[in-house]
Structures are given as C-alpha cells and as structure tokens.
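The values are calculated or read from the model by the stated rules, or taken from the named source; none is laboratory data. Not measured: the values here are computed from a predicted model. Please note: Cβ atoms are built from the backbone with ideal geometry, for glycine as well, and neighbour counts cover all protein chains shown.
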C-alpha cells in the first residue's frame, strides 16, 4: 500500500494521548533499558513514510521548544512521520506535536524525545 494513501486521513486523537503512547517507555526501569529494549509494553511504534518502515521507540523526556524538531502526526494506524534514521530531515527522535493544530511550532505545542530504534521493519 502506498504510504501517502495509507496515512492521508488523520485519526482524531488528543496530543496528550499520542505523547502517552510514545512516552510509555519512560516508566521503564533503568535496569530494563540496560538489557535491551525491555518488554513490548514499554515500547511505542512509529511509521516512517519515506522508508515504508515501522520503528520501535520509547519515551525519554519532554523538552523545551528550543532547537530542531520533527513533526509527528497520528494516522489511522498510529503515529507517523516523514523521515527516519539515515534520512536527511531526521533529527534523532526530537518530536513536535501540533496540539493546537495551527500548523506552527509555538509554546502551545508538545515537544519531547523518543528515539527510533533500528532496524526498521515492514509490519508494526
């Protein structure tokens, strides 16, 4: 399926819910992080449209709105973005969610860190 048609319509979800999905891993104990990715309950998944791949992620922290960020959106099948690891435009998992839906990065939006963990895969 074409990635652009797959995510052409955005699902209705609150930005707080999106961030909660992706930052679920922040509750993971440090010892679990040291042993790999922990269990699947602690991971979120992000679809990278430019690659046609899904990546695991875990939340690390909310960030102040300073520096480069990449837009993260919610599609019918979950969170997605345009660029991933190895792509120009990927900023290492520094995400911006347009919570006030004005198309502008501002203080009303959410900013957080959730790195994408390779390798990507073709199914969620």
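Quick rundown of the values:
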{"item": "Residue within the stretch 31-51 that is modelled with pLDDT of 95 or more, more than 12 Å from the chain's Cα centre (by Cα) and part of a strand (DSSP E or B) present", "result": "no"}
{"item": "Conditions (1) at pLDDT below 90; (2) surrounded by 15 or more Cβ atoms within 10 Å (Cβ to Cβ); (3) under 13 Å from the mean Cα position of the chain (by Cα): number failed by residue 61", "result": "(2)"}
{"item": "Candidates 84, 93 - the one that is free of Cβ contacts under 8 Å to residues at least 40 places away in the same chain, within 14 Å of residue 45 (Cα to Cα) and under 9 Å from the mean Cα position of the chain (by Cα)", "result": "93"}
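Yes/no per residue for (1) in a loop (DSSP other than H, G, I, E, B); (2) surrounded by 13 or more Cβ atoms within 10 Å (Cβ to Cβ):
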site	(1), (2)
83	yes, yes
86	yes, no
96	no, yes
107	yes, no
112	no, yes
119	no, no
